[in-house]
């Protein structure tokens, strides 16, 4: 089975810190995605990438950036963490469009 | 992508079939129906997808009406572990770049003992 691994399950950071969320997939998928999930708002797409060094903004990119230096790794960066970025962050990858594999998620708390 | 409509919640008795409906009346000819589920505090999990024929795998069956305007996901013998939010998503399939999946609110299925 395809595995998508997110580096941390729980993370607590201070306001203003630079935060890196790492995601690694092991099946040579071209496409990778970062979502956040909040109660009542569902899953919202932050950024996605369809190739190494390529990135596209999703629906809520403000306050975030991404990096994809290698095919298997897609990093989400919070340049200066704020309390409104407290959320569950979910990474996914896909080869076949529409058939995604998600990681277990990182629950980030910004204090 | 076509919009989907699902009931916000459903209940099912353990061991019985769970039938989850989805309306997608504006679906286009090249759009597939995908189903995912999300168990509490986990990432969404792919279940099944189809274009116009009924599909079955080890997890579920997908029944798509002839006009393709609605579909039903069937869990034949629901267990407590099937309690989750189920998402119906309509999406063009194919190997084009920039693919993205848009999740709605889904249906909270609760399987009762």
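The values are calculated or read from the model by the stated rules, or taken from the named source; none is laboratory data. Keep in mind the model is a prediction, meaning the values are calculated, not measured. Every residue, glycine among them, receives a Cβ derived from its backbone with ideal geometry; neighbour counts consider all protein chains shown.
Details
- Scanning segment B:16-48 for residues that are modelled with pLDDT of 95 or more, over 27 Å from residue A:36 (Cα atoms) and in contact with a strand residue (DSSP E or B) (Cβ under 7 Å, 6 or more places away or on another chain) turns up B:17, B:18, B:19.
- Taken together, B:18, B:78 contain a single residue that is surrounded by 14 or more Cβ atoms within 10 Å (Cβ to Cβ) and either within 14 Å of chain A (Cβ to nearest Cβ) or touching a helix residue (DSSP H, G or I) at 6+ places or on another chain (Cβ under 9 Å) (or both), which is B:18.
- In the set (1) away from chain A (no Cβ under 11 Å); (2) surrounded by fewer than 20 Cβ atoms within 10 Å (Cβ to Cβ); (3) part of a loop (DSSP other than H, G, I, E, B), the condition left unmet by residue B:11 is number (3).
- Among (1) away from chain A (no Cβ under 14 Å); (2) assigned to a strand (DSSP E or B); (3) free of Cβ contacts under 8 Å to residues at least 24 places away in the same chain, the one test that residue B:46 misses: (1)
- Among the criteria (1) part of a loop (DSSP other than H, G, I, E, B); (2) in contact with a helix residue (DSSP H, G or I) (Cβ under 7 Å, 6 or more places away or on another chain), the one residue B:109 does not fulfil is (1).
- In segment A:13-53, counting only strands (runs of 3 or more DSSP E) that sit wholly within it, the ones holding 1 or more residues that are within 12 Å of another protein chain (Cβ to nearest Cβ) and farther than 21 Å from residue A:111 by Cα span A:23-25, A:31-38, A:42-49.
- Those residues of segment A:54-63 which are within 11 Å of chain B (Cβ to nearest Cβ) and in a loop (DSSP other than H, G, I, E, B), in sequence order: A:54, A:55, A:58, A:59
- Given (1) surrounded by fewer than 19 Cβ atoms within 10 Å (Cβ to Cβ); (2) more than 11 Å from the chain's Cα centre (by Cα); (3) closer than 19 Å to residue B:110 by Cα, index of the condition residue B:84 fails: (1)
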